[in-house]
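Laboratory data are not the source of any read-out in this text; all were calculated from the coordinates shown. Remember, predicted model here, so these are calculated numbers, not experimental data. In this analysis, Cβ positions are derived from the backbone assuming ideal geometry, glycine residues included, and neighbour counts consider all displayed protein chains.
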There are 2 protein chains.
Amino acid sequence: MTVQILPILGLPEIEPGDDLAALLIDAIRPLDPGAGDIVVVTQKVVSKAENALESTTSDADYRKIVERESASVLRRRGELVISVTRHGFVCANAGVDRSNVVEGQVALLPTDPDRSAQRLRIRFQRAFDLDLPVIITDTFGRAWRNGLVDVAIGVAGMEPILDLRGTPDDQGRLLEVTEVAVADEVAAAAELVMGKANGVPAVLVRGVQYRPGEGRASDMVRAPGQDMFR
Amino acid sequence: MTVQILPILGLPEIEPGDDLAALLIDAIRPLDPGAGDIVVVTQKVVSKAENALESTTSDADYRKIVERESASVLRRRGELVISVTRHGFVCANAGVDRSNVVEGQVALLPTDPDRSAQRLRIRFQRAFDLDLPVIITDTFGRAWRNGLVDVAIGVAGMEPILDLRGTPDDQGRLLEVTEVAVADEVAAAAELVMGKANGVPAVLVRGVQYRPGEGRASDMVRAPGQDMFR
């Protein structure tokens, strides 16, 4: 019942056009992946490989890109923009990021992170003859709590939310806390190894009880009509 | 750099007045705890040991307790109440929980979960001659995203937020994403092993890079004046 979070080491600096799947396969192989393992990759390397990069020459430029990448804006405070992205994610500055990219560049979110995850999953299946779920993560702020945590912005091969409705608890009563955001918990766990300055953009997570399936990270976006905090 | 989440097995059903620290010490010992390990305990067993339980005979009764335990109410929808607790946490139904307790009872949040964590830390220090940080977790919903994740409601022995401001990234530029909510990421990781129906109310987390210190979970509550989503 132990869960392990293993760094996927030895990846080169990812450049636009790189075959990220091939590089990941080489780096995962020494970890001897097995059934039930989950591959977690940070958005940054996916965005780089997919060339979701843009040049910026100034802060004004950066802010223009943030506005363009925001489907709508929930809140503004000073230069901080809380955006809704085209994917439906609520995050600061539409997820446009200046860290861990070359000076004068910013990384945008992948166009369709669920599809990016699905592409990696298919390649892993071919390479390892295993259906390894893939989670693509990004670092988001939250309402009400200080500090940032990694969440799942792309998912393939698993249900991101584990619905326990109807499961008995320790006392044999039906559970009320029912919908566990497993993919987000795996993303948060992965960040503990990937860090922000460690140069480890991917990990293998072993031992998690998840439900295989065709879920997507977009399933995790609360429908605006159901959302009390917009 | 691998992180491991090890179940703490063999704990009995916790009853009011139980010496939770002593029971945990016995159950942790076989895992051979070492420097850097973090002990994570779910709120439910802390509340039970501290007798933060109350009898309810009806749904109306339950709702009265929720109102009483709410310092204020942020939102209501049908029977769902999004409360601010006396601790400052924003969560559903003031954290008052009917799962995994005896029929006719509810579990309240511990009065001061940071203090509960600190008391456990002191006992672990005596037993193991090690300063093991302690995190007490509960399962909270979030704005904007479906599904629940575990977060830290009590912390002792570590800084819950790792401030990386001034740390260089891979490219030698200063990081912009700076305040990582490590204690919440550990809580989320722990839930992957504790589950909701597993009967594992505590885990040992090994290999996390954290900053030892006298931080508190209450440091993680965003000051209402800084909070754009109240």
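Miscellaneous remarks
- Mean partner shielding of peptide B:179-187, defined as the number of other chain Cβ atoms within 10 Å of each residue Cβ, is 6.
- Inter-copy label distances at B:PRO212, using a point 7 Å along Cα-to-Cβ, come to 4.5 nm with the shortest given first.
- Legend: mean number of C-beta atoms from other chains within 10 angstrom of residue C-beta atoms, peptide A:77-84, equals 1.
- Charge tally around A:GLY34: other residues with Cβ under 13 Å, Lys/Arg +1 each, Asp/Glu -1 each, net -2.
- Debye intensity ratio in log₁₀ form over the Cα atoms of region A:112-230, taken at each q of 0.11 Å⁻¹: -0.43
- Distances in nm from A:ASN198 to the matching label points in the other copies, shortest first (labels 7 Å along Cα to Cβ): 2.0
- Each label was represented as a point 7 Å from its Cα along the Cα-to-Cβ direction; for A:ASP112 and B:ARG115 these points are 5.5 nm apart.
- Spherically averaged projected area of region B:53-109 from its Cα convex hull (nm²): 3.6
- Think of each Lys and Arg Cβ as +1 and each Asp and Glu Cβ as -1; about the Cα centre, that makes the dipole of the protein assembly as shown roughly 1020 debye.
- Distances from A:ASP59 to itself in the other copies, using label points 7 Å out along the Cα-Cβ axis, amount to 5.4 nm in increasing order.
- Across peptide A:133-145, the mean count of Cβ atoms from other chains lying within 10 Å of each residue's own Cβ comes to 5.
- Summarising the label geometry, the points placed 7 Å from Cα in the beta-carbon direction at A:ILE122 and A:ARG63 lie 4.2 nm from one another.
- At R0 = 30 Å, FRET efficiency that the Cβ-Cβ distance of B:ARG230 and A:THR2 yields, to 0.05: 0.15
- Average Cα contact separation per residue, chain B, under 8 Å, 6 or more apart, as relative contact order %: 26
- Entry note, region B:53-109: relative contact order of 34 percent, from Cα contacts under 8 Å with a spacing of 6+ residues.
- As a ratio to 2.2 N^0.38 Å, the alpha-carbon radius of gyration for region A:6-136 is 1.17.
- Judged by the mean number of other Cβ atoms found within 10 Å, the most tightly packed of the peptides B:202-208, A:203-209 leads the ranking B:202-208, A:203-209.
- FRET E, pair B:GLN105, A:ARG29, Förster distance 45 Å, beta-carbon r, rounded to 0.05: 0.30
- Alpha-carbon centroid distance for the pair region B:186-211 / region A:1-75, whole angstrom: 26
- Pairs of Cα atoms nearer than 8 Å and 6+ residues apart set the relative contact order; for region B:12-62 it is 56 percent.
- Here the translational diffusion coefficient of chain B follows from Stokes-Einstein with Rh set to the Kirkwood radius across Cα pairs; for 37 °C and 0.692 mPa s it amounts to 178 µm²/s.
- Distance distribution P(r), the protein assembly as shown, all Cα-Cα pairs, bin width 10 angstrom from 0: 4, 21, 32, 26, 13, 3, 0 percent.
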